[in-house]
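Colleague: One structure coming up, written as structure tokens, with questions to follow.
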Amino acid sequence: MRVLVVGSGGREHAVIRKLKENKDIEQIICAPGNGGIAADAECVNIKATDVIGMADYATSNDIDFVVVTPDDPLALGMVDAIEARGIPCFGPLKNAAVIEASKVFSKNLMKKYGIPTAAYEVFDDAGKALAYILERNQYPAVIKADGLALGKGVLIAQNEEEAREAVKELMVDHSFGTAGNRVVVEDFMTGPEVSVLAFTDGKVICPMVSSMDHKRANDNDEGLNTGGMGTIAPSPFYTEAVAGRCMKEIFEPTVAAMNAEGRTFRGCLYFGLMITPDGPKVVEYNCRFGDPETQVVLPLLKTDLFTIMQACHDGTLGDLNIEWRDQACACVIEASGGYPQSYAKGYEIHGLDENGQHEGVTVYHAGTKLEDGKYLTNGGRVLGITALGNNLNEALDKAYAAVKEIGFRDMHYRTDIGGKLRNL
Ligand code: GLY
């Protein structure tokens, strides 16, 4: 089998390292990949959003299966285009990827099918959105861009001034382009946040182990929102009782709702959840593996990933018994100084061997390139230093010990990933 993985980040590296465990796969190709992924897959220089270029490549290079990982190509219909050429894919069709691509769609879906989420209103006019927020006078107010905005389209206003600024940024200045043409204004929810990724073939849904992201750039959840600065799995907040409620009240109803809408979802459905005092509620859906959640979830998977992906495509997921290691996993992101704003690239990374790895941990490459045998920084999030342990403390200690030995100029990382959970 020749498998093509679309994407270029730490998440794709984690997927590829797991796929490598399958003995039927002769070759993994990654488009476009990065310097570290090149040690595990052949990288080809096709943009992840180049739908036709990717379908052409898959057709003319005897690709047997394609894993489309990032949100943009899924929203653009890459799975539709490749499957139209007769090549099976892991990932939803465009009409199902809308569950992430439009916040208005997903909120309306939840309202229609009684899936718990924060109360909300939708606006396509900046004046009306602001008038509603000011009239309501309840802070924090959550203002979300309807469309894809690199994970940065959710603004939380603590007061009237911030609300004015948020509406201006999204709807007047169009900082996220057309993504902010419509916004959702919703109630602020409180409680621990948990990410649950789930495999689904559109008939059954199999949640993976839970995880927890750390979105803010700095310790104590301060600073700007990022793509994610580190993760742990499993989350101690996701108890068996919570999991049972989520399955009954959220996961199965979402699969059924998508089927009822004629938008059957196959692939990885990501539930961003908040465990509120009133029970678990959906913060957001994503139509794909999370990044960096995948980096801590897949190392805990015992069952073969490729077999699961094929079953999701074939509609046979119900025949599998998916098993997980009874361990914990932690991932600390090493980022370029300045990220998520502007940052320099091209600094040499020390502490890696010739395969871009480091003894005792797994190093997932997010933004690196390989030049003259040296790994150089080439993105905002650069590396995900990831360790397994028999418990969370052990995993965190191993990851942080390696963080001290791997680095580059102006490196920034959070020192408190999983910190609040250490002794729970
Ligand atoms: N870690 C959040 C996301 O993947 O969207």
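Colleague: Could you tell me the calculated FRET efficiency between Asn423 and Arg164, based on Cβ-Cβ distance and R0 = 45 angstrom, to the nearest 0.05?
Modeller: 0.60
Colleague: Using the Cβ atoms and a cut-off under 15 Å, what net charge is assigned to the surroundings of Thr226, where Lys and Arg are +1 and Asp and Glu are -1?
Modeller: Taking every Cβ under 15 Å from that of Thr226, the sum is -3.
Colleague: Right, another one. Quick one: with all protein chains in place, what share of the accessible area of the chain is carbon or sulfur, to the nearest percent (1.4 Å probe)?
Modeller: 46
Colleague: Let me ask something else about it. Using amide H atoms built in the peptide plane, which far-off residues or other-chain residues are under 5 Å from Thr368 H to H?
Modeller: Here the answer is Gly35, Gly36, Asn378, since their amide H atoms fall under 5 Å of that of Thr368.
Colleague: Springs between alpha-carbon atoms under 10 Å, Gaussian network over the chain: tell me which of Ala401, Ala330, Ala38 tops the mean-square fluctuations.
Modeller: So, out of Ala401, Ala330, Ala38, the one fluctuating most is Ala401.
Colleague: I would also like to ask the following. Summing Lys, Arg as +1 and Asp, Glu as -1, what charge do residues with Cβ under 10 Å from the Cβ of Leu269 carry, Leu269 excluded?
Modeller: +1
Colleague: Would you grab the residues whose amide H sits under 5 Å from the one on Cys43? Only those 5+ places off in sequence or on another chain, please, with H modelled 1.01 Å from N.
Modeller: Cys30
Colleague: Taking springs between alpha-carbon atoms closer than 10 angstrom, which of Ala256, Ala119, Ala14 fluctuates most in the Gaussian network model of the chain?
Modeller: Highest fluctuation of the listed residues: Ala119.
Colleague: If Lys and Arg each add +1 and Asp and Glu each add -1, what is the summed charge of the other residues whose beta carbon sits under 13 Å from the beta carbon of Gly202? Before the final figure, lay out each step's value.
Modeller: Numbers: positive: Lys203, Arg263, Arg266; negative: Asp201, Glu252, Glu261, Asp314.
Around Gly202, the surrounding residues sum to -1.
Colleague: Modelling each spin label as a point 7 Å along the Cα-to-Cβ direction, I'd like the Lys248/Ser60 distance in nm, to one decimal.
Modeller: 5.5
Colleague: Sticking with this one: Leaving out ligands and nucleic acids, note down the accessible area per residue over the stretch 336-424 with a 1.4 angstrom probe, in whole Å².
Modeller: Values: 4410 Å² over 89 residues.
Ligands and nucleic acids excluded, the result is 50 Å² per residue.
Colleague: If you average the alpha carbon positions of the stretch 365-424 and of the stretch 149-184, how far apart do those two centres end up, in angstrom?
Modeller: 31
Colleague: Restricting to DSSP loop positions (anything but H, G, I, E, B) with no more than 16 other Cβ atoms inside 10 Å of their own Cβ, which trypsin sites (Lys or Arg not before Pro) remain in the stretch 56-137?
Modeller: Working: sites: Arg85, Lys94, Lys103, Lys107, Lys111, Lys112, Lys128, Arg136; in loops: Arg85.
Passing sites in the stretch 56-137 are Arg85.
Colleague: Please give the per residue accessible area of the stretch 13-93, computed with a probe of 1.4 Å over protein heavy atoms only, in Å².
Modeller: Counting only protein heavy atoms, the per-residue value for the stretch 13-93 is 38 Å².
Colleague: Could you work out which residue, out of Arg216, Arg381, Arg325, moves most in a Gaussian network model of the chain, that is, has the largest mean-square fluctuation with Cα springs under 10 Å?
Modeller: The residue with the greatest mean-square fluctuation here is Arg325.
Colleague: Distance between Cα centroids, the stretch 282-323 to the stretch 224-255: provide it in whole Å.
Modeller: Rounded to whole Å, the Cα centres lie 14 Å apart.
Colleague: May I ask you to list the GluC sites (Glu not before Pro) in the stretch 58-156 that are in a DSSP loop and have at most 15 other Cβ atoms within 10 Å of their Cβ?
Modeller: Counting only loop positions with at most 15 other Cβ atoms within 10 Å, none of the GluC sites (Glu not before Pro) in the stretch 58-156 qualifies.
Colleague: A further question follows. In whole Å, what are the extents of the chain along the principal axes defined by its C-alpha atoms, from largest to smallest?
Modeller: 60, 47, 42
Colleague: Averaged per residue, what accessible area in Å² does the stretch 214-282 show with a 1.4 Å probe, protein chains only?
Modeller: Per-residue value: 41 Å².
Colleague: For a 29 Å ceiling on Cα separation, which of these pairs sit above it: Lys23/Lys103; Lys345/Lys398; Lys103/Lys404; Lys18/Lys144; Lys168/Lys248? Mind showing how you got there, number by number?
Modeller: Numbers: Lys23/Lys103 40 Å; Lys345/Lys398 27 Å; Lys103/Lys404 39 Å; Lys18/Lys144 34 Å; Lys168/Lys248 39 Å.
Violating the 29 Å limit, Cα to Cα: Lys23/Lys103; Lys103/Lys404; Lys18/Lys144; Lys168/Lys248.
The values are calculated or read from the model by the stated rules, or taken from the named source; none is laboratory data. From a predicted model like this one, the values you see are computed outputs, not experimental measurements. Cβ atoms come from the backbone with ideal geometry, glycine included; neighbour counts cover every protein chain shown. Calculation scope for accessible area: heavy atoms of the full protein, side chains included, ligands and nucleic acids excluded. Shrake-Rupley method; radii C 1.70, N 1.55, O 1.52, S 1.80 Å.
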